[in-house]
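To start, the structure itself, in structure tokens.
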């Protein structure tokens, strides 16, 4: 994923500009943090990390990133939304996230396993699948 590798100021600004987003300190900080941690984050994670930004600003930042194709939403059995960085091929009109997500039962972190595709699942006649989600629970390499 190109987003995880590039972290300097010029790259942060370039990513935001290429996704047609205004460059703000909050957006650069949040994008940098996603790149540095390399795991899925929730709004609560961002609120803990960035106490200088209010809840609404962080919510709007996540929403703008989601709509622009910078992050994608990862389903959770707990009901709390988490978000992971998108591939460089994502755009506002096309998200491609048919990859496995791994949730560690020990530390609770969720990682995108981009290299492992979710297999196609046949659907009954009249149904049209738009997206496949697969979350694998287990113990991550760091906790093992």
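Coordinate-derived values only; no laboratory data. In this text, all values refer to a predicted model and were calculated from it rather than measured experimentally.
Given springs between every Cα pair under 10 Å in a Gaussian network model of the chain, which of 78, 36, 111 has the largest fluctuation?
78
Anyone know which of 50, 34, 65 comes out most mobile in the 10 Å Cα GNM of the chain?
Ranking 50, 34, 65 by mean-square fluctuation puts 50 first.
For the chain, find the longest principal axis of its Cα atoms and tell me its angle to the long axis of helix 55-68, 0 to 90°, nearest 10.
60 degrees
How high is the relative contact order of region 2-138, in percent, counting Cα pairs under 8 Å that sit 6 or more residues apart?
20 percent
Can you compute the helix-only [θ] at 222 nm over the chain? Use -39500 (n - 2.57) per DSSP H run of at least 4 residues, normalise by all residues, nearest 500 deg cm²/dmol. Show your work: numbers first, answer last.
Numbers: 5 runs with 48 residues, N = 144.
Only helices count here, giving -9500 deg cm²/dmol.
Please work out which option in [x] 46, 36, 28; [y] 51, 37, 26; [z] 41, 37, 23 gives Cα extents along the principal axes in Å calculated from these coordinates, and answer with its label.
Only one listed value fits the structure, namely [x].
Hey, in the GNM for the chain with a 10 angstrom Cα cutoff, which one of 112, 86, 26 fluctuates hardest?
26
With everything on Cα atoms, drop me the angle between helix 25-37 and the longest principal axis of the chain, reported from 0 to 90° to the nearest 10.
Relative to the chain, helix 25-37 is tipped by roughly 50 degrees.
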